[in-house]
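A.B. asks: Quick one: the structure is below, questions incoming.
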Amino acid sequence: MWITGLPGSGKSTIAYRLRDGFEDVVVLNMDELRSIVTPDPSYSDTEREYVYRSIVYTAKKLYEAGHNVVIDATGNRRRWRELARSVIPEFFEVYLECPIETCIKREGQRMETHGAPKDIYKKAERGWPVPGRTVPYEEPVEPELIIHTDRETPEEAVERIKRMISDRGV
C-alpha cells in the first residue's frame, strides 16, 4: 500500500497507526530511507528518481518475502506510484487529500516529523523543491481510497483503510 499526499497531510501518522493495528506490517518511510541513501540530499529530479525507485524495489522485495508493506511517501510523481502498482501484486494506493493551507499549518505545528525535514513549507519560500509548492504534486488518477484528512481523524482513516482491505479479501 502506498499512502500518498502532500507533506503534512498525515501520511506518517496513518502509516504508523496501521502498523500498530496489523500483524507483520513494515512501514517504509521515505524520509528515513532518504537519510541513508542520500545523507546530504539535494532533492534534485535525478536524486528523487533514484530514491523513489529504491523504495519501490524495497517494497517489492519485502512483499515477495511475505510481509505487508506500507509506503509512507509523498511520491509527487504519478509514475513512481504507477511503477509500484505494476510490480507489486495486491497494490493499493491511498490518497490523503488535504488543502495545502491545512498541510502548511500542521507541518508548522508538528512535534514528531518521522525524519522529515522541519519547516519544509518555509524552505519552499526560499526555493527548496517542495511538492505542491515549488515542484508539482500529481494527484492519483484512480486511487483505491481517498481520505480527506482535514475532515477525518487518523482513527477514522485507519478504519476506512481496514474496511477497504477487508472488502477486497486481502
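A.B. asks: Specify the longest stretch of the chain that does not include any exposed loop site, a site being one of the trypsin sites (Lys or Arg not before Pro) with a non-H, G, I, E, B DSSP assignment and at most 16 other Cβ atoms within 10 Å. Before the final figure, lay out each step's value.
C.D. replies: Values: sites that count: ARG110, LYS118, ARG126, ARG151, ARG168.
Answer from the scan: 1-109.
A.B. asks: Which ³J(HN,Hα) values, rounded to whole Hz and listed in residue order, are derived for the range 23-31 from phi using the Karplus coefficients 6.51, -1.76 and 1.60 in 6.51 cos²θ - 1.76 cosθ + 1.60 with θ = phi - 60°, glycine and proline given as x?
C.D. replies: Result, rounded to whole Hz: 7, 6, 10, 9, 9, 9, 8, 4, 5.
A.B. asks: Per-residue HN-Hα couplings for the range 103-108, Karplus 6.51 cos²θ - 1.76 cosθ + 1.60 at θ = phi - 60°, whole Hz, x for Gly and Pro?
C.D. replies: Karplus values, whole Hz, x for Gly and Pro: 4, 4, 5, 4, 4, x.
A.B. asks: Would you calculate a helix-derived [θ] at 222 nm for the chain, using -39,500 (n - 2.57) for each DSSP H run of n ≥ 4 and dividing by the full residue count, to the nearest 500? If you can, show how the numbers build up before the last one.
C.D. replies: Values: 7 runs with 79 residues, N = 170.
-14000 deg cm²/dmol, from helical runs alone.
A.B. asks: Normalising by the residue count of the chain, find the relative contact order in percent from Cα pairs under 8 Å and 6+ residues apart.
C.D. replies: Details: 234 pairs, mean separation 56.7, N = 170.
So the answer I get is 33 percent.
A.B. asks: Could you give the nm distance between label points at VAL26 and ARG151, where each point is 7 Å from its Cα heading toward the beta carbon?
C.D. replies: The two pseudo-label positions are separated by 3.6 nm.
A.B. asks: Give me, ordered by chain and number, the residues 5 or more places off VAL70 or on other chains with an amide H under 5 Å from its own placed amide H.
C.D. replies: Here VAL26, VAL27, LEU28 satisfy the definition.
A.B. asks: Can you classify the range 2-167 as rounded, prolate or oblate using the Cα gyration tensor, where a ≥ b ≥ c are the square roots of its eigenvalues, rounded means a/c under 1.5, and otherwise it's prolate if a/b beats b/c and oblate if not?
C.D. replies: On the way: a/c = 1.59, a/b = 1.19, b/c = 1.34.
Since a/c reaches 1.5 but b/c is at least a/b, the shape of the range 2-167 is classed as oblate.
A.B. asks: While we're on this one: Using the Cα centre as the reference, give the magnitude of the dipole from point charges on the C-beta atoms of the chain (Lys, Arg: +1; Asp, Glu: -1; all else neutral), rounded to the nearest 20 debye.
C.D. replies: On the way: 26 positive and 30 negative charges, 71 e Å.
That gives a dipole near 340 debye.
A.B. asks: Would you mind checking LYS60/LYS122; LYS60/LYS123; LYS105/LYS162; LYS122/LYS162; LYS61/LYS162 for any pair whose Cα atoms are more than 30 angstrom apart?
C.D. replies: Among LYS60/LYS122; LYS60/LYS123; LYS105/LYS162; LYS122/LYS162; LYS61/LYS162, the Cα-Cα distance tops 30 Å for LYS60/LYS122; LYS60/LYS123; LYS122/LYS162.
Values quoted throughout were computed directly from the atomic coordinates according to the rules given, and no laboratory measurement underlies them. This one's a predicted model, so the numbers in the text were calculated from it and none came from an experiment. Ideal geometry is used to build each Cβ from the backbone, glycine not excepted, and the neighbour counts take in all protein chains shown.
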